[in-house]
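The values are calculated or read from the model by the stated rules, or taken from the named source; none is laboratory data. The structure presented is a predicted model; accordingly, all values stated were derived computationally and were not measured. Ideal geometry is used to build each Cβ from the backbone, glycine not excepted, and the neighbour counts take in all protein chains shown.
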Amino acid sequence: MYMPPTKPAPRARFTALLAENITRGTFGKLTLGKPRQPAADPTLQNVFVRPITLKSGPHLTFVWRHTTRDVTKNFPLAEAVAQIEILLGPTFLDAHLFTATSTAQYESGPDDTARLRLKAVAAPPISEVFSAETSAAHDQPKHHLIPAGAAWLRSLGVTNERGQPREGMADKFRQIQKFSEILSHHLAENFPVETTSTSSQPLRIIDMSSGKGYLTFALAALLAPRAHVTGIEARAELVELCNRTAAAHDLSSHLTFIPGAINETAVAACDVLIALHACDTATDDALAQGISAGARLLVVSPCCQKEIRAQLAAPQVLADALRHGIFQERQAEFVTDALRAQLLEWAGYKTKVFEFISTEHTAKNLLIVAQRTSPRGQPNDARAQRIRAFAAFYGVRHQRLAAQLEFPL
């Protein structure tokens with residue numbers, strides 16, 4: 001008696017499809033979600049997987065998305081497939097696969113019932129997120145998120161006519177690429193293409209203290225025509241240079257620079273606010289501006305945290321350590337940025353604090369990313385009490401962002 005072959009289970013079909021596309025080079029990206037409850041690590045939310053090319057050959061890069069941090073690891077292809085098989089089921093119940101010709105969504109329940117949905121596509125869906133994400137290369141200049149040959153990079157003195165970083169600009173070029181990678185990821189998460197592309201209102205992005213506009217130009221190039229980017233800079237000569245460069249490269253329709261200091265230029269409304277290396281309390285001014293303007297996403301890279309250093313009066317157990325200037329400086333940086341993160345969470349934002357680039361390229365490598373998720377907290381709720389206890393522990397009596405949020409320490 002003829003017995004028809006048994007159809008493989010949804011999970012087996014999904015992993016076979018994944019392995020086939022990785023082998024063929026048609027894999028675009030993979031998202032693992034819906035952590036199984038109770039979770040071994042309750043802070044783990046998602047895992048994002050995409051292809052990269054390292055000097056040692058093709059790999060897959062994994063980003064473990066936790067509540068307050070991201071962890072990135074690279075795996076050779078065979079090892080990567082094995083890693084995904086380990087994660088899918090025991091750790092995550094759902095997976096969404098994008099390839100050059102189809103999408104596949106695997107959904108399972110706590111009782112291990114599962115289904116697989118397949119859909120053919122005309123082009124890789126990954127290209128629909130942001131044009132910069134189509135690149136799989138990690139080390140090869142021609143595949144950078146921001147092409148090394150971009151004319152505006154040459155005009156701003158970052159690269160030469162051959163598309164290579166000019167002398168002394170290699171670290172700056174790496175920073176531009178890393179910022180672009182981080183921001184494109186968070187923008188894709190917070191502002192999906194399917195919602196913003198149909199909106200009559202472009203994304204409103206403000207870059208406070210934009211300087212020479214390296215990242216401001218990068219954002220405009222990545223997001224056109226979906227966003228209008230405004231750089232705010234106190235130095236009039238840099239504003240003039242950037243506007244002239246934008247016009248020369250046909251970017252001025254969605255990229256504008258205006259003169260002004262952070263604490264003197266009111267932002268009426270925006271979706272995203274960025275402030276990179278705004279000195280000391282200027283970072284607090286930028287955060288307060290973004291919160292007041294209703295920004296859904298705040299991205300700041302603080303520096304020169306001086307305000308709190310003079311106030312540090314930690315308990316006696318830390319007194320001997322804090323006699324050393326270097327420890328005082330590091331402690332002031334920690335207390336300042338930890339307090340900022342806590343205040344942002346009280347103000348209704350989910351925060352992440354991480355190093356965005358190696359210290360060999362820049363010492364100012366801390367990034368605070370805040371995503372609005374809830375209403376502002378109450379003055380006397382438990383989180384407010386913990387913030388006050390933290391401040392009191394270090395002897396902090398006043399802090400700029402707290403004052404602007406009218407949060408009494």
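Quick look at the values:
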{"read-out": "Single residue of the stretch 80-91 satisfying the filter (over 13 Å from residue 18 (Cα atoms) and out of contact with any Pro (no Cβ under 9 Å at 6 or more places or on another chain)) that is surrounded by the most Cβ atoms within 10 Å (Cβ to Cβ)", "value": "87"}
{"read-out": "Breaking point among (1) more than 19 Å from residue 212 (Cβ to Cβ); (2) in contact with a Ser or Thr (Cβ under 7 Å, 6 or more places away or on another chain); (3) hydroxyl-bearing (Ser, Thr, Tyr), for residue 292", "value": "(2)"}
{"read-out": "Hits in the stretch 26-78 (condition: part of a loop (DSSP other than H, G, I, E, B), exposed (fewer than 12 other Cβ atoms within 10 Å of the Cβ) and more than 15 Å from the chain's Cα centre (by Cα))", "value": "37, 38, 40, 41, 42, 55, 56"}
{"read-out": "Of residues in the stretch 347-373 being at pLDDT below 90 and either small (Gly, Ala, Ser) or not assigned by TED's automatic domain parsing to the domain that holds residue 299 (or both), the one nearest to residue 278 (Cα to Cα)", "value": "363"}
{"read-out": "Qualifying residue in the stretch 127-149 (condition: modelled with pLDDT of 85 or more, on the phi < 0 side of the Ramachandran plot and hydrophobic (A, V, I, L, M, F, W, C))", "value": "yes"}
{"read-out": "Lone unmet requirement of (1) part of a loop (DSSP other than H, G, I, E, B); (2) within 16 Å of the chain's Cα centre (by Cα) for residue 306", "value": "(2)"}
{"read-out": "Set 317, 299, 335: member being aliphatic (A, V, I, L, M) and under 14 Å from residue 283 (Cα atoms)", "value": "299"}
{"read-out": "Residues located in the stretch 69-94, provided they are within 18 Å of residue 33 (Cβ to Cβ) and among the polar types (S, T, N, Q)", "value": "72, 83, 91"}
{"read-out": "Extreme residue, nearest to residue 178 (Cα to Cα), among residues of the stretch 295-313 that are charged (D, E, K, R) and either at pLDDT 90 or above or in contact with a Gly (Cβ under 9 Å, 6 or more places away or on another chain) (or both)", "value": "296"}
{"read-out": "Members of the stretch 305-325 found to be farther than 17 Å from residue 391 by Cα and in contact with a helix residue (DSSP H, G or I) (Cβ under 9 Å, 6 or more places away or on another chain), listed by number", "value": "321"}
{"read-out": "Matching option when the condition is surrounded by 14 or more Cβ atoms within 10 Å (Cβ to Cβ) and of a type in the set (D, E, K, R), among 323, 226", "value": "226"}
{"read-out": "Among (1) on the phi < 0 side of the Ramachandran plot; (2) assigned to a loop (DSSP other than H, G, I, E, B), the one test that residue 250 misses", "value": "(1)"}
{"read-out": "Candidates 275, 266, 314, filtered to the one that is surrounded by fewer than 22 Cβ atoms within 10 Å (Cβ to Cβ), closer than 17 Å to residue 209 by Cα and hydrophobic (A, V, I, L, M, F, W, C)", "value": "266"}
{"read-out": "Checking residue 398 against (1) more than 18 Å from the chain's Cα centre (by Cα); (2) under 22 Å from residue 301 (Cβ atoms); (3) at pLDDT 90 or above, the condition it does not meet", "value": "(2)"}
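Condition check ((1) touching a Gly at 6+ places or on another chain (Cβ under 8 Å); (2) of a type outside the set (A, V, I, L, M, F, W, C); (3) assigned by TED's automatic domain parsing to the domain that holds residue 177) across all residues:
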position	(1), (2), (3)
238	yes, no, yes
243	no, yes, yes
259	no, yes, yes
267	yes, no, yes
284	no, yes, yes
293	no, no, yes
320	no, yes, yes
330	no, yes, yes
